[in-house]
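Worksheet: one structure, shown below.
The values are calculated or read from the model by the stated rules, or taken from the named source; none is laboratory data. If you're wondering where the values come from, they're calculated on a predicted model, not measured in any experiment. Counting neighbours? That spans all protein chains shown, and the Cβs are built from the backbone with ideal geometry, glycine included. Surface accessibility is based on the protein's heavy atoms, side chains included, excluding ligands, DNA and RNA. Shrake-Rupley method; radii C 1.70, N 1.55, O 1.52, S 1.80 Å.
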Amino acid sequence: MDRENAWRATAALVLTAASGFAGLAYQIVWTQQGALWLGHEAAAVLAVVAAFFGGMSLGALCFGRAVRASVAPLRWYVACEALVALWGLVLTATFQPVTATLLGFIGAEPSVHWHWTVAFGGTLLLLLPSAAAMGLALPALERLVPSRRAGISAFGGLYAANTLGAVLGVLTTAFWLIPAHGLTATASAGALVNMLCAASALVLFRKAGPRGKVEGRVIPVDQAARRATLLRLAGTGLLGIGYEVVALRVLCQVTEETVYTFACALAVYLAGTTLGAAVCQRWWAGRENPDRTGRILPVALCSATLLASTGLWFADSLRLTLGTALGSSLPAAIGTEAVLALSAFALPTFVMGALFSHLCNLANDNGAGFGEATGWNGAGAALAPAVFGVIAVPAFGPKWSLLLLSAGYLALLPRRAWNWSWMLLPVAAMLMLASLAPGLAFIDVPAGGRILSYNEGATAAVSVVEDRDGVARLRIDNRQQEGSSATRWVDGRQAWLPLLLHPAPRRALFLGLGTGITASTAAQDPELQVDAVELLPEVIAASAFFTREFAADASTSRLRLIAADARRYVRTTERRYDVIVSDNFHPARSGAGSLYTVEHFRAVRSRLTAGGVFCQWLPLHQLDLGTLRSIVQSFVAAYPQGGALLASNSLQTPVLGLVGRSDDGRFDVAALRSRLANAALSQTWAQSGIEDDLALLGSFVAGAAALRSFAADAPLNTDDLPIVAYRAPRVTYAPDSLPRDRLIALLHELSARPVELFRLPDDADWSRRVTAYWAARNLYVEAGRDVRPTSNAREMLTQVREPLLAALRISPDFRPAYDPLLRMAAALAQTDPVAARTVLAQLVSVQPARPEAAQLLKQIDPD
């Protein structure tokens, strides 16, 4: 090859790498945008991958022959790059109206089949122009590039460079572009790269003629061999993406399942494919015996898949080992997930890349052309998300799906190439795994515990595990705990607190079901109709283990469970609600960050009736204060007169609620007192620690001014700039403080004024009493940080007596300090009556209005 041609070949590698960079930047942007209307990033990944490959396949199959026969492949390449850029900009500019149309089309409560039909079909239609152009760009560029070796196409090298660029695109987009600049800017940057590729090609290749014959398509010598090769390419696409889908589902059970988890896995997958294709092109192309290579590579890929699949059974052990060795820093945690991805994908994808490159060269030799080859491969890849993600994994589980994939690679061998001496080892390995290996599911079961339920769905695995004490826990993909039977009291408060802020609610909506305790508790109100929306049908089924005590109650007839996405439901339902309560979704998990955006908060507001109340619960134990500031900033943008309250005074799992009204009004204390006087439910509310208006409104920690001050200049979390999805994983991967410390730091920054939050009653002293209640609560919480757990009543009393009495001296109404002292005194009455009398006397002194201490004191000392 002369110097000019060598320079052009190098330039082509740079162009195709840049194009690959832009292509994967689009894919990540489209996945993030798809999650906004599909509700779950796993669903968006499946839909976008299918649309990406489906569009590329259609473009290559429909126009690949024209590109191959064209006398002006440069025009094709430039047009393709320009179309990718222009359509990317069109999607960016029309995202909001297009999303609204798709949301309306899919509906508020779609069936499973309709949901997936629209998910795959709608995404394909959206991405088709760009994806089709991407599928044609590489074959067109290949026509312009002279080969470095006679008789050997440059396609393999171009494909390797393209996927290498894609690796860089994934990492740059996920770790910098989107977190720093947002989806629109990232898509625009991709469009700029595509336009630069088109302009550069016009300059670099304007004098270069097309490589190869142009007079028409060469009739293959062996049509049967051509068809067989194309079918094998389709099979490799189906099995290769199928393996990615299944293996990633398994890894989600041992990783944190954040945006960085997906980015690491995709980068490793592409890097392995890149290396395999490059090695095949550099050292094998033109030198190998095609028949021998065609026999070796499928068997090697079957073996590599089996080996990597076997390693998945040890993924959790590897994670624990790496976590111990590397520590708990953010780079170490992401590095651990990258190593897990390497163990699952590196070896199989290397062989996948080599096999794909080999089959493309073979198809070209048989007259099919690279466009047609990539088209057939893409067609198979487009089917994989539906075949394996939606059908195979839920029906057969990951273990049998992986074994099916491995067997599929052996099926790619031509019958004449079957050699049992080569196939014996992988076949034996498959049989051993099938008969001896347990199901490929990770479920943490404590000593003495048991699994009550396990259900593998299309987007997640849901389990219910009970420990030796009978406490059941609901988990999604093993790592994400959605609640337990031990938190019934707090879960109940998360229903009653927002409901009691409305003077007369008749219809309530709960976004997120979890264990179902919160929604079921709300349905105990005989005048309330409750709708609860849950994305995962498997969670709805599992909630039955936690709500059995409500099953025989008439309240179940007032509770309607809806399998749907919360964001989509809010935007598409025609119902309006007096109260809407949004669950404390883990902000770092797949798709959850979109439930904390300005757009979602405003959409919820549009579904409220006049004077309606919205409460967004936030898990402070899973949030750093920086991320919380962005969520608060976003909430205040939708509810400028909103406030904040605590679900309980827990230090281990503190939960903050952001509360706003549709009319931006204040809460009427007199009306709330009237509601609390309901004799039918007053005992139920008292059992949840809401005995009176002070117990209810004393849970507030901030008014609108304090929230604005706390948010300060934090960036808004929006659909376009998903701050939460990219920032929240930091505290998940590497906690920098304890939940109790974050809660206390938050209380130091927040404050509330009664006149700002409430329409005050005629009682002139009430404002002073609620302010004192807040001060006592803050002292109570802060003092709890120094309390050491103990089962000895005397030791516990020694630790807490003075702090609790101090809180009561500030506010005699603060029952969370009064009641524990009363219980400890009752426990000590038999063993240490002197200590019990001392405590009771102090209680009578600081709170003479309550009779319990005086009554117990009289029982201990009748005289």
Original post:
What does the charge dipole of the stretch 239-368 about its Cα centre add up to, to the nearest 20 debye, if the Cβ of each Lys and Arg holds +1 and the Cβ of each Asp and Glu holds -1?
Top reply: 300
Original post:
Distance from the Cα centre of the stretch 344-383 to that of the stretch 609-642, in angstrom?
Top reply: 49
Subject >> For G612, residues with placed amide H under 5 Å, excluding near neighbours >> reply: S662, D663
**OP:** Considering only protein heavy atoms, with the full assembly of protein chains and a 1.4 angstrom probe, order H748, H113, H621, H586 by accessible area, largest first.
**Re:** H113, H748, H621, H586
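Suppose we take every Cα in the stretch 250-371 and form the convex hull; what volume per residue is that in Å³?
On the way: hull volume 13.9 nm³, N = 122.
Output value, Cα hull per residue: 114 Å³.
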**OP:** Heads up, I need the accessible area for C197: 1.4 angstrom probe, whole protein in place, Å², nearest 10.
**Re:** 0
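Can you give the local net charge around R226? Use residues other than it whose beta-carbon is closer than 10 angstrom to its beta-carbon, Lys and Arg +1, Asp and Glu -1. It would help to have the intermediate numbers written out before the result.
Values: positive: R227; negative: D222, D365, E372.
Net local charge, R226 excluded: -2.
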Subject >> Computed accessible area, F442, all protein chains, 1.4 angstrom probe, square angstrom >> reply: 30
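With +1 on each Lys and Arg Cβ and -1 on each Asp and Glu Cβ, how big is the dipole of the chain about its Cα centre, in debye rounded to the nearest 20? Let's see the in-between values first.
Numbers: 71 positive and 64 negative charges, 525 e Å.
Around 2520 debye, computed over the chain.
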**OP:** Please work out the Kirkwood hydrodynamic radius for the chain, using every pair of different C-alpha atoms, and report it in angstroms with one decimal place.
**Re:** 29.7
Original post:
Could you state the number of Å between the C-alpha centres of the stretch 788-863 and the stretch 1-75?
Top reply: 72
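Keeping every protein chain in place, order D578, D762 by accessible area at 1.4 Å, biggest value first, i.e. largest first. Don't skip to the answer; put the middle values down first.
Working: D578 25, D762 155 Å².
The residues order as D762, D578, largest area first.
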Subject >> Inter-part distance where the stretch 531-581 and the stretch 155-181 are each reduced to a Cα centre, Å >> reply: 41
Subject >> Added length on full extension, which subtracts the Cα-Cα distance from 0.36 nm per residue, A841 to W313 >> reply: 183.9 nm
**OP:** Report I540's accessible area, 1.4 Å probe, all protein chains in place, as a number in Å² to the nearest 10.
**Re:** 40
Original post:
Hey, what did the stretch 261-396 get for relative contact order, percent, Cα under 8 Å, at least 6 apart?
Top reply: 41
**OP:** Work from the charge dipole of the stretch 727-863 (Cβ charges, +1 for Lys and Arg, -1 for Asp and Glu, about the Cα centre) and give the residue of T838, W774, L746 farthest towards its positive end.
**Re:** L746
Original post:
Say the dipole of the chain comes from +1 at the beta carbon of Lys and Arg and -1 at that of Asp and Glu; which of S737, P526, V71 then lies farthest toward its positive end?
Top reply: V71
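Taking the highest mean first, how do the peptides 498-504, 180-186, 732-738 order by number of other beta carbon atoms within 10 angstrom per residue?
Working: 498-504: 21.3, 180-186: 18.6, 732-738: 15.6.
Most protected by this proxy first, the peptides run 498-504, 180-186, 732-738.
Carbon and sulfur atoms: what percent of the 1.4 Å accessible area of the chain do they account for?
Values: 19880 of 33160 Å².
Carbon and sulfur atoms account for 60 percent of the accessible area of the chain.
Excluding R473 itself, calculate the net charge of residues whose Cβ lies under 14 Å from the Cβ of R473, where each Lys or Arg counts +1 and each Asp or Glu counts -1. Mind dumping the intermediate values first?
On the way: positive: R450, R468, R475, R479, R488; negative: D444, E466, D467, D469, D477, E482, D491.
The answer is -2.
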**OP:** Considering Cα pairs under 8 angstrom that are at least six residues apart, work out the relative contact order of the chain and quote it in whole percent.
**Re:** 12
Subject >> Alpha-carbon spread of the stretch 303-447, three principal axes, descending order, Å >> reply: 59, 37, 31
Subject >> Relative contact order %, the stretch 622-746, counting alpha carbon pairs below 8 Å whose residues are six or more apart >> reply: 43
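Can you give the extra length, in nm with one decimal, that the chain gains between A447 and S606 once fully stretched, where that is 0.36 nm per residue apart less the Cα-Cα distance?
Values: separation 159, 0.36 × 159 = 57.24 nm, distance 4.82 nm.
Contour length minus the Cα-Cα distance gives 52.4 nm.
Calculate, in nm to one decimal, what A504 and V755 gain on full extension: separation in residues at 0.36 nm each, minus their alpha carbon distance.
Values: separation 251, 0.36 × 251 = 90.36 nm, distance 2.22 nm.
Difference between extended and current length: 88.1 nm.
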Original post:
For helix 393-411, what angle does its Cα long axis make with the longest principal axis of the chain, in degrees from 0 to 90 and rounded to 10?
Top reply: 20
Subject >> Positive minus negative residues near C62 (Lys, Arg vs Asp, Glu; Cβ under 14 Å) >> reply: +1
Original post:
Loop-only check: which trypsin sites (Lys or Arg not before Pro) in the stretch 451-485 are DSSP coil with at most 16 other Cβ within 10 angstrom?
Top reply: R468
Original post:
Averaged per residue, what accessible area in Å² does the stretch 1-142 show with a 1.4 Å probe, protein chains only?
Top reply: 37
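Exposed loop sites here are GluC sites (Glu not before Pro) in DSSP loop states with at most 10 other C-beta atoms within 10 Å. What is the longest stretch of the chain lacking them? Provide the component values of the computation, followed by the final result.
Numbers: sites that count: E215, E574.
Looking at the chain, 216-573 is the longest stretch - no exposed GluC sites (Glu not before Pro) with at most 10 other Cβ atoms within 10 Å.
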